[in-house]
Amino acid sequence: MNDYLGQILIRRELLDQEVLAGAQTMADEKGVDLLDVLLATRAVEEDQLLRALADEVGMPFLETIDAEKVPDELVDAVPINFARQHHVLPYAQDADAVYVAVADPLDPFPLDDLRALLGRPIEARAATRESIDDVINRVYQRKQDASLQEAKDGEDVEELQDIIDQTDEAPVIRWVNDLFYGAVKDRASDIHIEPTDDKVIVRFRIDGRLVLRKEAHKGNLSSIVARVKIEAGLNIAEKRLPQDGRITKKIAGKVVDVRVSTIPTAKGERIVMRILDKANIMLDLVDLGFARRELDLLNHMIHRPNGILLVTGPTGSGKTTTLYASLNRINTPDKNILTAEDPVEYELRGIGQLHVQAKIGLTFASALRSFLRQDPDVIMVGEIRDHETAEIAIHASLTGHLVLSTLHTNDAPGAINRMVEMGVQPFQISSSVLGVLAQRLVRRLCVNCREPYRATEQQLIELGIDMSRVDQTLADLRRVAATTVMGRSSHPPPMDEELGDDDLELVEDPTVVREVHTAEEEAAPGGLFAHLQSDGGMPIFYKAVGCDECGQTGYRGRMGIFELMVIDEPVRKAILANADSKTIQKIARDRGMRTLREDGARQVIAGVTSVEDVLAATQATELEAAE
């Protein structure tokens, strides 16, 4: 079947032979279908893929499915686990047949099972997995929410011990499972279950913002908490102390890990669940939104045999994702890679990962010390928190190991002062640290509804653009914006290909699929960067509007903005002279470093994000404010 699928895609010019071969290899290694790999890596858009397959077998394609019109008798006749596993849904019927939406037109076996299950002829229609899974979730849950929203007078909420004995069709279990499914569908990073005076509210953190999603009667709190605790392996009888656990679930074809944290509050136990989508570990550096210069420099650093690379930023700024993407790029059979993490968020194949547990004496420092006896080539330390960890990391780098780690500082130059405050000598820093990458996450504008407008002078000033030489500054930013590198799996806006200047060469990496064009080609009329051309007026920016595709938020997904400080000779001399962070920042900027806000301006001009999001995620430095 995989061979036939590949032939179709090649014949219809949706893939080239090289990309297909890579996807096939990945499918064989992971033991999954080629279709799953193509969709997970976005080597081809699902809509295009399904239309091609449907056309190949002569099957109509469904643009949308109305969940409200799906008959209840069809829903009752097909088990939800079967529908979700095979991505199939009977959505309509008449005197002649039952009409079924399918996400894989080449797989006849689920249709054979449905014929036997329903005892009627089947008419298949192709539809995307996302649309089918969305309707499955809605039609199977529409009767369940009402039972939890309203508690009948005089009816007691089920006791905890009854929850353990319930089947998978129990309302509380279905309600909790719906939370997980909805969170994955909405690309949420966290689920918050919070008790109030009279109800239980559920909020999802989507693209860094909390959004209200569900409510239940307060009487169901103990049942909901008990269900989550059972899945996470926690003590359901312990309600006075915080607890931490973990759940692994397969949701709509995705395997996700869920970190569970419970705390007792005055109104009942509160639960926060962090969703770790294992598909994210497939990210490469090209998916994170770097400009070409920074990507080249970072790629060079992580291929060095020794030294320290520090990634800085607050909690939730994507530091772990950047470190994992770096490890993915250098993870080859000839390297021994070890990581010390608190906790281990994703399991990486071929890498030794250790969960730091301070309460039993297993700290970052002790883990690092043990690593040095394991003949490592690359070491990743989740965070450098103290002098001891910093000293061992420096020792490791000076004895021939590449060390990747994080620090909590506001910007890249501040990492130097932070290490000095820990008691590290300046000569140790200058001789071991290769570079410091500060980063933040900004929301990506929805490409379907974003609206162009003329920027104002005030906005340019807020973005740190030098108004005394505004034309030259904007020209420089347009040039840099046109080198923004976006891997094919990143998906727009505003482009889905990597673009670069003729004078900048991306280090070749056979594991990354890329189509490189010049900025001049794409800035031509009709090109992806046509809006970057100067017409003598203010530049074109984009603002959020809102549509069904983005849930009326105007944003869909997040992207990084970066400040990469290379420890070259001038910066090294400043560190040895024990210069403060402002002096080091000025030298680094003279050497080509862009601050976080300046890099945010690059993403605004590229049409990736909005001015408001960049201003919210960054702060103007004293140097920028003075210009």
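The values are calculated or read from the model by the stated rules, or taken from the named source; none is laboratory data. Remember, predicted model here, so these are calculated numbers, not experimental data. When we count neighbours, we look across all protein chains shown, and the Cβ atoms used for this are built from the backbone with ideal geometry, even at glycine. Only protein heavy atoms, including side chains, enter the accessible area calculation; ligands, DNA and RNA are left aside. Shrake-Rupley method; radii C 1.70, N 1.55, O 1.52, S 1.80 Å.
Worth a mention:
- Whole-Hz Karplus values for the range 468-483 come out as 6, 9, 4, 5, 5, 4, 5, 4, 5, 5, 5, 5, 5, 4, 6, 9 Hz, taken residue by residue from phi with 6.51 cos²θ - 1.76 cosθ + 1.60 and θ = phi - 60°; glycine and proline positions read x.
- Among Val420, Thr320, Gln357 the positive-end extreme of the charge dipole of the range 319-465 (Cβ point charges): Thr320
- Local net charge near His408, Cβ-Cβ under 11 Å (Lys/Arg +1, Asp/Glu -1): +2
- The 1.4 Å probe gives accessible areas that order Thr322, Thr315, Thr456, largest first, as Thr315, Thr456, Thr322.
- Heavy-atom SASA rank of Glu569, Glu68, Glu598 (probe 1.4 Å, accessible area, largest first): Glu68, Glu569, Glu598
- Legend: distances between Cα atoms for Lys69/Lys249; Lys239/Lys267; Lys185/Lys543; pairs beyond 18 Å are Lys69/Lys249; Lys185/Lys543.
- For the pair Val470 and Arg187, the difference between a 0.36 nm per residue extended length and the Cα-Cα distance amounts to 98.0 nm.
- Taking amide H as placed 1.01 Å from N in the peptide plane, the amide H of Glu383 sits under 5 Å from that of Thr406, each at least 5 places away or on another chain.
- The Stokes-Einstein estimate for the range 231-274, based on a Kirkwood radius over Cα pairs and taken at 4 °C with 1.567 mPa s viscosity, is a diffusion coefficient of 114 µm²/s.
- Rounded to whole Å, sorted largest first: equivalent-ellipsoid semi-axes of the range 1-123, Cα gyration tensor: 30, 15, 13
- For the range 297-314, the Karplus equation 6.51 cos²θ - 1.76 cosθ + 1.60, evaluated at θ = phi - 60°, returns couplings of 5, 5, 4, 5, 5, 6, 9, 6, x, 8, x, 10, 10, 9, 10, 10, x, x Hz by residue, with Gly and Pro reported as x.
- Amide H within-cut-off set for Thr553, under 5 Å, with H built and near neighbours excluded: Cys547
- Straightening the chain between Gln48 and Glu29 buys 4.3 nm, computed as 0.36 nm per residue apart minus the Cα-Cα spacing.
- Annotation: amide H-H contacts under 5 Å for Arg444 (H modelled 1.01 Å from N, sequence separation of 5 or more, or interchain): Arg556, Gly557, Arg558, Met559.
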